[in-house]
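Encoded as structure tokens, the structure appears first; notes follow it.
The values are calculated or read from the model by the stated rules, or taken from the named source; none is laboratory data. Quantities reported herein were computed from a predicted structural model and do not represent experimental measurements. When we count neighbours, we look across all protein chains shown, and the Cβ atoms used for this are built from the backbone with ideal geometry, even at glycine.
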């Protein structure tokens with residue numbers, strides 16, 4: 001079961017890191033599309049939405065999954081959860 005735990009926690013960690021990359025790519029795509037249309041109303045909507053998304057993302061930790069401290073904290077939390085489930 002230890003091998004499965006290791007595979008699962010690394011898989012989840014990798015998925016979180018990939019989601020950060022996807023968020024950045026989608027943000028760039030939205031900015032490029034808004035630039036190509038040239039609509040002022042669309043620009044205002046895009047700026048408002050991206051600002052609110054950035055605030056939410058930053059409040060949730062931002063790039064915390066990319067730091068060694070963030071990864072260590074995640075792995076410690078994962079180990080605590082799996083230990084509690086094994087004792088119950």
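Taking the conditions (1) surrounded by 10 or more Cβ atoms within 10 Å (Cβ to Cβ); (2) free of Cβ contacts under 8 Å to residues at least 24 places away in the same chain in turn, residue 56 satisfies each one other than (1).
Among the residues making up the stretch 9-48, those that are farther than 19 Å from residue 67 by Cβ and in contact (Cβ under 8 Å) with a residue 12 or more places away in the chain are 27, 30, 31, 34, 46. In the set (1) closer than 30 Å to residue 8 by Cβ; (2) in a helix (DSSP H, G or I), the condition left unmet by residue 62 is number (2).
Within the stretch 79-86, is even one residue touching a helix residue (DSSP H, G or I) at 6+ places or on another chain (Cβ under 6 Å) and modelled with pLDDT under 90?
Looking through the stretch 79-86, at least one residue is touching a helix residue (DSSP H, G or I) at 6+ places or on another chain (Cβ under 6 Å) and modelled with pLDDT under 90.
Tell me, which residue of the stretch 1-14 that is exposed (fewer than 11 other Cβ atoms within 10 Å of the Cβ) and part of a helix (DSSP H, G or I) is modelled with the highest pLDDT?
Start the filter on the stretch 1-14 by keeping residues that are exposed (fewer than 11 other Cβ atoms within 10 Å of the Cβ), which leaves 1-4, 7, 11.
Filter once more, keeping what is part of a helix (DSSP H, G or I): 2-4, 7, 11.
On the way: 2: 81, 3: 84, 4: 83, 7: 88, 11: 91.
Of everything passing the filter in the stretch 1-14, 11 is modelled with the highest pLDDT.
Scanning the stretch 52-81 for residues that are more than 16 Å from the chain's Cα centre (by Cα) and farther than 21 Å from residue 17 by Cβ turns up just one, 80.
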